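The values are calculated or read from the model by the stated rules, or taken from the named source; none is laboratory data. From a predicted model like this one, the values you see are computed outputs, not experimental measurements. Here Cβ is always computed from backbone atoms with ideal geometry, including for glycine, and neighbour counts include all displayed protein chains.
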Amino acid sequence: MFNKKKLLFSMINFIFVISVTSRPAMSREILYGKVNINTVDRHELVTLGGVDFAKADAIIKYRKTIRNFETVEEFLNVPGISKDIFNINKDFITVQPGKK
């Protein structure tokens with residue numbers, strides 16, 4: 001016969017783990033707010049999903065050499081930013097005017 005307390009504890013643990021791991025980007029927005037990709041530094045850019053320091057540098061290079069981002073979709077023009085990375089982050093980035 002099974003132990004009802006162990007079963008209940010296991011179910012609660014399972015629900016907790018699923019709720020914590022299923023939406024990591026949501027906690028990013030709650031903790032930090034949206035990232036303005038026209039103004040933030042490389043350390044803030046790496047808080048985005050799938051963005052490492054090399055991609056962060058590419059984002060900064062894009063806005064310095066080409067232009068500031070005018071739309072969120074323009075994020076896809078940065079070398080190394082795939083549709084998957086864009087889809088992970090599109091709700092957590094913004095493009096407000098910034099310094100050129």
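Structural remarks
- Filtering the stretch 68-77 to residues that are crowded, with 16+ Cβ neighbours inside 10 Å and either without any contact (Cβ under 8 Å) to a residue 24 or more places away in the chain or hydrophobic (A, V, I, L, M, F, W, C) (or both) leaves 69, 72, 74, 75.
- Residue count for the stretch 73-89 satisfying the condition of being within 13 Å of the chain's Cα centre (by Cα) and closer than 14 Å to residue 38 by Cα: 1.
- Scan of the stretch 78-100 for residues that are free of Cβ contacts under 8 Å to residues at least 40 places away in the same chain and exposed (fewer than 11 other Cβ atoms within 10 Å of the Cβ), ordered by number: 79, 83, 84, 100
- Leading residue by the ranking (modelled with the lowest pLDDT) among those in the stretch 21-55 that are of a type in the set (Gly, Ala, Ser) and closer than 23 Å to residue 79 by Cβ: 25
- Of the listed requirements (1) at pLDDT 90 or above; (2) out of contact with any Gly (no Cβ under 9 Å at 6 or more places or on another chain); (3) not hydroxyl-bearing (Ser, Thr, Tyr), residue 2 misses just one: (1).
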